[in-house]
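Participant: Take a look at the following structure, please.
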Amino acid sequence: MTKWQRKMKQWLINQFDMPADVMHELPRITTIGQIHAYIENHQGLVTFSEKEILLKMTRGYVKVTGENFVLKMMLPEEILVEGQIHSVQFLRQ
Amino acid sequence: MRFKQGMFFQGTITILVKGKRPELFLNQLMKENVPVWDIKTKGEHILEATIFFKHLSVVRKLRRKHHFSISFKHKNGLPFILGALRLNKPFIVGVMVSLFVLFLVSNIVWQVKIIGVTPEMEYKMKNQLKEYGLQEGVLKISLGSLEKMERNMLKDVDGLLWVGIKEQGTTYIVQGVEQKEAERRESDRPQHLVAAKKGTILQMLVEAGKPEVQVNQYVEKGDLLVSGLIGDEESGKKVQAKGKVYAETWYRSETSIPLKAEYVTLTGNKEHQYGLEIGQMSIPIWGFFVKSGQNIYKQVEKQPVYFLKWELPVTFVRTTLFEKEKTVVDRSEKEAIVTGVDQARNELLRRLHHDSKILEEKILRKTVENGKVKLILFFKVKENIAKPQPINQGE
């Protein structure tokens with residue numbers, strides 16, 4: 001993405017009140033209390049264990065830590081994690 | 001999670017992915033647009049996941065490309081159940097055949113019992129029933145209505161007074177009552193013969209007794225015709241007066257005949273339709289292309305279908321369509337009179353004893369009104385008017 005494109009998008013978002021995740025291909029993470037985490041716009045599953053999930057994003061990674069993780073659903077660009085969620089971290093690597 | 005709808009019908013498979021970094025395999029599946037759910041870790045390099053049965057080929061294809069070992073843990077859903085059944089085809093066929101046989105057997109007439117009659121009559125009835133189609137081994141639904149059978153039976157078998165056919169499961173019980181020729185006791189009690197109605201004597205045939213009237217004499221109802229007392233009052237003997245006294249009697253009758261009349265008759269052409277009725281729904285089986293219209297008289301017979309002793313909510317319906325014909329009769333006055341006289345005569349003859357004779361007929365009055373011809377007719381009849389009257393022993 002060129003600089004010009006990014007600027008154009010930012011302008012669109014500001015002008016038309018568009019949701020940022022749609023325009024920027026950013027992850028949208030919804031958590032329901034501690035038990036569910038609903039992650040959209042991810043680029044792939046990197047690691048999955050009972051205590052940690054690492055998801056690839058457009059830029060960087062998202063790391064969800066907790067206990068007793070089960071992937072209730074895995075669709076292209078959508079993941080539903082169930083378990084005890086402790087933290088959601090954004091990593092730039 | 002809308003994609004999970006219809007999971008049972010589509011069938012699901014739980015797989016175990018073993019190998020280094022099994023997440024990669026899931027990523028591959030994701031790229032192929034394969035939904036995966038219920039992913040759990042089952043050890044360091046083992047993942048358990050569930051997919052749809054229809055995506056199995058994708059999994060197999062990916063397995064060949066990678067170093068993962070994939071095993072199937074369990075299968076769930078309709079396709080697998082059906083698959084298992086397909087392997088058991090003989091079993092399924094066996095069940096179906098036995099159900100069908102059971103169904104057939106419940107709708108077969110196993111026994112026809114004829115009770116209440118002598119062996120000869122039983123034999124006669126049995127043959128007659130066979131003709132109507134009621135015998136051991138036939139399908140119940142092929143039988144017509146029992147009432148009709150009863151009626152025909154009375155008509156076709158001589159000496160039968162009453163017939164009742166009862167259905168009891170697969171047994172038909174036919175109960176008959178035979179006519180017993182009641183022995184007419186020739187009573188030898190003394191009797192007179194008296195006139196049953198007024199008339200003029202035409203002919204006297206006396207077998208026993210003393211005639212008290214003569215030919216051409218007019219008698220009133222109740223008059224003594226032939227006396228049962230012979231001889232003097234003292235040496236008198238009481239006998240049974242016997243004989244026939246023919247007299248001329250008179251009848252008046254009124255009839256009215258419409259000048260215009262409409263009759264509906266059946267032409268004798270008929271067609272059959274067969275069908276099943278389930279609740280309100282009816283399914284035709286045979287006889288689809290039957291012309292319908294106004295000139296049709298429909299007769300519907302319904303027959304319940306049984307499975308063992310239970311009546312199924314299905315009825316076998318047999319419809320017979322008779323072609324109707326409307327006849328319009330337009331009579332002239334003359335024709336109407338002829339018909340009226342015929343009618344009145346037939347009616348009178350029906351009432352009279354068979355050795356009676358109509359001597360003369362006359363139209364007394366004729367009026368035409370409201371499209372009807374009204375006739376008052378007079379008949380002169382020759383008939384036996386002798387009626388026995390017992391002589392009281394006490395007298």
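Participant: Which one of A:PHE69, A:PHE90 is more than 14 Å from chain B (Cβ to nearest Cβ) and of a type in the set (Phe, Trp, Tyr)?
Facilitator: Answer to the selection: A:PHE90.
Participant: What pairs come up if the first residue lies in the stretch B:311-327 and is assigned by TED's automatic domain parsing to the domain that holds B:HIS272, the second is among the β-branched types (Val, Ile, Thr) and not in a strand (DSSP E or B), and their beta carbons are under 9 Å apart, counting only those six or more places apart or on different chains?
Facilitator: Within 9 Å, the pairs are B:PHE316/B:ILE141; B:ARG318/B:ILE141; B:THR319/B:VAL290; B:LEU321/B:VAL290.
Participant: Being part of a strand (DSSP E or B), more than 30 Å from B:LEU359 (Cα to Cα) and in contact with a Ser or Thr (Cβ under 9 Å, 6 or more places away or on another chain) narrows it down to one residue among B:LEU321, B:LEU266; which is it?
Facilitator: B:LEU321
Participant: Inside the stretch B:155-164, can you point out the residues that are touching a strand residue (DSSP E or B) at 6+ places or on another chain (Cβ under 9 Å) and more than 10 Å from B:VAL177 (Cα to Cα)?
Facilitator: Passing the criteria: only B:VAL157.
Participant: Condition first: over 16 Å from A:GLU52 (Cβ atoms), within 12 Å of chain A (Cβ to nearest Cβ) and of a type in the set (D, E, K, R). Now tell me which residues in the stretch B:43-69 satisfy that.
Facilitator: B:GLU48
Participant: Given the options B:GLY169, B:GLY164, B:GLY133, name the one that is touching a Ser or Thr at 6+ places or on another chain (Cβ under 7 Å), small (Gly, Ala, Ser) and either closer than 30 Å to B:GLY275 by Cβ or assigned by TED's automatic domain parsing to the domain that holds B:VAL317 (or both).
Facilitator: B:GLY133 is the lone residue from the list that is touching a Ser or Thr at 6+ places or on another chain (Cβ under 7 Å), small (Gly, Ala, Ser) and either closer than 30 Å to B:GLY275 by Cβ or assigned by TED's automatic domain parsing to the domain that holds B:VAL317 (or both).
Participant: Being surrounded by 19 or more Cβ atoms within 10 Å (Cβ to Cβ) and outside any strand (DSSP E or B) is the filter here; which residues of the stretch A:69-93 pass it?
Facilitator: None; the set is empty.
Participant: If you don't mind, there's one more thing I want to ask. Within the bounds of the stretch A:48-66, is there any residue that is free of Cβ contacts under 8 Å to residues at least 24 places away in the same chain, hydroxyl-bearing (Ser, Thr, Tyr) and either in contact with a strand residue (DSSP E or B) (Cβ under 6 Å, 6 or more places away or on another chain) or farther than 12 Å from B:ASN27 by Cα (or both)?
Facilitator: Checked against the condition, which is being free of Cβ contacts under 8 Å to residues at least 24 places away in the same chain, hydroxyl-bearing (Ser, Thr, Tyr) and either in contact with a strand residue (DSSP E or B) (Cβ under 6 Å, 6 or more places away or on another chain) or farther than 12 Å from B:ASN27 by Cα (or both), the stretch A:48-66 yields at least one hit.
Participant: Take the conditions farther than 30 Å from B:VAL245 by Cβ and out of contact with any helix residue (DSSP H, G or I) (no Cβ under 6 Å at 6 or more places or on another chain) and apply them to B:ARG318. Does it pass?
Facilitator: The answer is yes for B:ARG318.
Participant: Mind checking whether some residue in the stretch B:288-301 is closer than 30 Å to B:PRO390 by Cβ, at pLDDT 80 or above and polar (S, T, N, Q)?
Facilitator: No, every residue in the stretch B:288-301 fails to be closer than 30 Å to B:PRO390 by Cβ, at pLDDT 80 or above and polar (S, T, N, Q).
Participant: Report, by residue number, each residue of the stretch B:70-81 that is touching a residue at least 24 places away in the same chain (Cβ under 8 Å) and either surrounded by 12 or more Cβ atoms within 10 Å (Cβ to Cβ) or not assigned by TED's automatic domain parsing to the domain that holds B:MET7 (or both).
Facilitator: Residues satisfying the conditions are B:ILE70, B:LYS73, B:LYS75, B:ASN76, B:GLY77, B:LEU78, B:PRO79, B:PHE80.
Participant: Then there is this: Among the residues of the stretch A:41-60, write down those that are away from chain B (no Cβ under 13 Å) and assigned to a strand (DSSP E or B).
Facilitator: None; the set is empty.
Participant: Additional query: Right, B:GLN299: in contact (Cβ under 8 Å) with a residue 24 or more places away in the chain, surrounded by 10 or more Cβ atoms within 10 Å (Cβ to Cβ) and over 30 Å from B:PRO190 (Cβ atoms) or not?
Facilitator: The answer is no for B:GLN299.
Participant: Further question on the same structure: If I go through the stretch B:1-29 residue by residue, how many of them are within 7 Å of chain A (Cβ to nearest Cβ) and surrounded by 14 or more Cβ atoms within 10 Å (Cβ to Cβ)?
Facilitator: Final tally of qualifying residues: 3.
Participant: Ok, one more. Please verify whether B:GLY144 is of a type in the set (Gly, Ala, Ser) and at pLDDT 85 or above, treating the condition exactly as stated.
Facilitator: Taking the combined requirement at face value, the residue does not satisfy it.
Participant: It is to be established whether one or more residues within the stretch A:18-28 are part of a strand (DSSP E or B), in contact with a strand residue (DSSP E or B) (Cβ under 9 Å, 6 or more places away or on another chain) and at pLDDT below 90.
Facilitator: yes
Participant: Confirm whether B:GLU32 is within 17 Å of A:LEU71 (Cα to Cα) and either surrounded by 12 or more Cβ atoms within 10 Å (Cβ to Cβ) or within 12 Å of another protein chain (Cβ to nearest Cβ) (or both).
Facilitator: no
The values are calculated or read from the model by the stated rules, or taken from the named source; none is laboratory data. Keep in mind it's a predicted model, so treat the numbers as computed, not measured. Backbone-built Cβ (ideal geometry, glycine too); neighbour counts: all protein chains shown.
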